[in-house]
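Heads up, the thing below is written out as structure tokens.
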Amino acid sequence: MKALSFWLKEKLWITPAFYIVISIFLSIFFYYVDLLYIDELKPYVPAILLTNVDLAKTIMGSLSGALLTMTTFTFSTILVVLTMYSSQFSPRTLKNFIHDKIVWRVLGIFLSGFIYNTLSLLFMREDLYETDVISTFIGIIIAFFCLSTFAYFIHYIATNVQVGQLINQLIKDTEDAISKFEKLQENEKGEEITWSPIGIKETHQAEKEGYIQYMSFEKLGNYAQEQKLKVEILVNPGDYVYEGKPIFHVYGVNHAKQSINNFYSLGTSRTTEQDLDFAIQKLVEVALRAISPGINDPNTANDIIIRLGRLLGQLGRLKTGPFLLAEEHVLYRFPAYKKALYKTFYQLSHYGKEDISVLISILESLKVAAEMGDNRHYVELWEIHAYVLEGVDIGALKTFDQEVLQEKVDELAIATDQHSYHMVLTEKN
């Protein structure tokens with residue numbers, strides 16, 4: 001079912017096509033209303049809402065041209081925004097705009113308005129109608145609705161192209177992914193215990209190449225309990241797998257009645273549904289673009305880096321390493337926290353080592369992560385700060401820069417319960 005959901009998200013034409021089908025049915029419906037029932041409805045419909053065929057042709061012809069122009073402008077705006085997302089933010093953030101339902105609903109509304117008026121214009125023939133028609137009034141209502149939608153679309157685009165709005169959306173995606181694992185772990189023991197399954201071992205392999213987009217932990221656990229199986233998960237969401245790569249080890253007395261491969265979905269691209277690394281990577285890439293010489297917006301990068309600290313703090317509260325699910329029927333290995341820290345900061349530390357504001361923000365981010373996270377990760381947070389400062393020439397920094405950086409190191413030492421040090425003296429030694 002989840003695979004179908006991802007497939008539908010990739011088919012962008014489905015939403016506009018739905019609106020187009022509705023407009024076709026509407027045009028046919030009102031064609032028959034005008035042809036067969038308008039005389040019966042006249043006593044209940046104000047005369048001002050009815051038009052003769054000649055006037056209907058004139059109005060609908062004008063509306064069709066206007067709506068086609070609005071549709072063209074909307075499509076051009078979408079292309080411009082896509083180009084901006086790719087060049088200024090990150091190619092990975094394109095999906096955040098492409099999969100926005102509002103964008104494709106607006107385009108569908110414009111297309112449906114154009115098609116309704118065009119088809120209704122096609123049906124307007126003097127030899128068919130002996131009286132006035134109401135299809136034109138419906139076309140005008142649709143045109144007014146399209147005009148209101150157009151005004152909303154301009155406001156929506158102007159709001160969503162702002163980098164702050166994109167950052168908020170990316171952070172929300174990351175928090176949603178973290179909350180899924182929090183919910184998964186809250187009802188489980190999550191303890192690292194001995195895994196010694198009994199029974200025939202079967203290795204289930206990937207049937208095609210792609211990225212693990214989603215893994216149905218709950219359904220897999222329920223199935224393992226019903227069939228009295230022990231399942232060891234060998235991959236994580238976001239991993240790239242090739243055809244034949246082992247995905248599960250299944251232990252049981254009898255062969256599984258259902259293919260275990262039905263409990264995960266593969267795709268050609270990564271998603272943020274459960275892929276924490278990819279969710280954080282998108283934020284990191286936006287920050288990297290911001291500190292690049294071409295864009296030169298370090299304040300945006302600093303804002304992202306500090307907010308990454310809050311996400312890393314939430315991530316630090318999750319259990320890492322192997323733990324058991326579904327009453328010890330499923331073994332899953334959650335990636336190590338130190339690995340997440342490295343993937344978050346290894347590029348930022350490289351490209352931001354010449355900018356003191358970026359270095360200060362990284363240390364501030366680590367402090368936030370320490371204050372929000374679990375104390376069992378204090379050592380990893382302290383070690384990653386040392387890794388970040390390894391490539392920095394402390395002696396070449398200005399005096400005030402050294403003082404502020406030293407202050408941030410001292411604050412991080414307090415937050416992580418570590419012993420601080422004097423950076424300049426340590427480097428000289």
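The values are calculated or read from the model by the stated rules, or taken from the named source; none is laboratory data. Because the structure is a prediction, the values reported are computed rather than measured. Virtual Cβ from ideal backbone geometry, glycine too; neighbours counted across all protein chains shown. Calculation scope for accessible area: heavy atoms of the full protein, side chains included, ligands and nucleic acids excluded. Shrake-Rupley method; radii C 1.70, N 1.55, O 1.52, S 1.80 Å.
Only one of these is assigned to a strand (DSSP E or B), open to solvent by 20 Å² or more (accessible area, probe 1.4 Å) and either closer than 24 Å to residue 267 by Cα or of a type outside the set (Gly, Ala, Ser) (or both): 202, 207, 226, 218. Name it. That would be 202, the only listed residue that is assigned to a strand (DSSP E or B), open to solvent by 20 Å² or more (accessible area, probe 1.4 Å) and either closer than 24 Å to residue 267 by Cα or of a type outside the set (Gly, Ala, Ser) (or both).
Hey, which of the helices (runs of 4 or more DSSP H) in the range 78-179, taking only ones fully inside, have at least 2 residues that are in contact with a Cys (Cβ under 7 Å, 6 or more places away or on another chain) and of a type in the set (A, V, I, L, M)?
In the range 78-179, there are no helices (runs of 4 or more DSSP H) which contain 2 or more residues that are in contact with a Cys (Cβ under 7 Å, 6 or more places away or on another chain) and of a type in the set (A, V, I, L, M).
Residue 248 meets each of the listed conditions (1) farther than 14 Å from residue 331 by Cβ; (2) of a type in the set (Phe, Trp, Tyr); (3) open to solvent by less than 60 Å² (accessible area, probe 1.4 Å) apart from (1).
From the residues in the range 277-308 that are among the polar types (S, T, N, Q) and more than 19 Å from residue 340 (Cβ to Cβ), which one is surrounded by the fewest Cβ atoms within 10 Å (Cβ to Cβ)? Going through the qualifying residues, I end up with 296.
Checked against (1) touching a residue at least 40 places away in the same chain (Cβ under 8 Å); (2) not in a helix (DSSP H, G or I), residue 285 meets all criteria but (2). Restricting to the range 393-429, and then to whatever is open to solvent by 50 Å² or more (accessible area, probe 1.4 Å) and among the hydroxyl-bearing types (Ser, Thr, Tyr), can you tell me which residue is modelled with the highest pLDDT? Out of the qualifying residues, it is 399.
For first residues located in the range 397-425 and assigned to a helix (DSSP H, G or I), partners that are crowded, with 17+ Cβ neighbours inside 10 Å and among the small types (Gly, Ala, Ser) and lie 6+ apart or on another chain with Cβ distances below 8 Å form the pairs 412/370; 415/370. A residue that is of a type outside the set (Phe, Trp, Tyr), open to solvent by less than 40 Å² (accessible area, probe 1.4 Å) and farther than 21 Å from residue 284 by Cβ occurs nowhere in the range 338-357.
Condition first: open to solvent by less than 50 Å² (accessible area, probe 1.4 Å), of a type in the set (S, T, N, Q), at pLDDT 85 or above and part of a helix (DSSP H, G or I). Can you find one or more residues in the range 260-273 that meet it? Scanning the range 260-273, I find no residue that is open to solvent by less than 50 Å² (accessible area, probe 1.4 Å), of a type in the set (S, T, N, Q), at pLDDT 85 or above and part of a helix (DSSP H, G or I), so the answer is no. Mind listing just one residue for me: the one in the range 93-146 that is in contact with a Gly (Cβ under 8 Å, 6 or more places away or on another chain) and open to solvent by 40 Å² or more (accessible area, probe 1.4 Å) and, of those, modelled with the lowest pLDDT? Per the criteria, the residue is 121. Every test in (1) of a type outside the set (Phe, Trp, Tyr); (2) surrounded by fewer than 21 Cβ atoms within 10 Å (Cβ to Cβ); (3) within 30 Å of residue 205 (Cα to Cα) is passed by residue 330 save one, and that test is (2).
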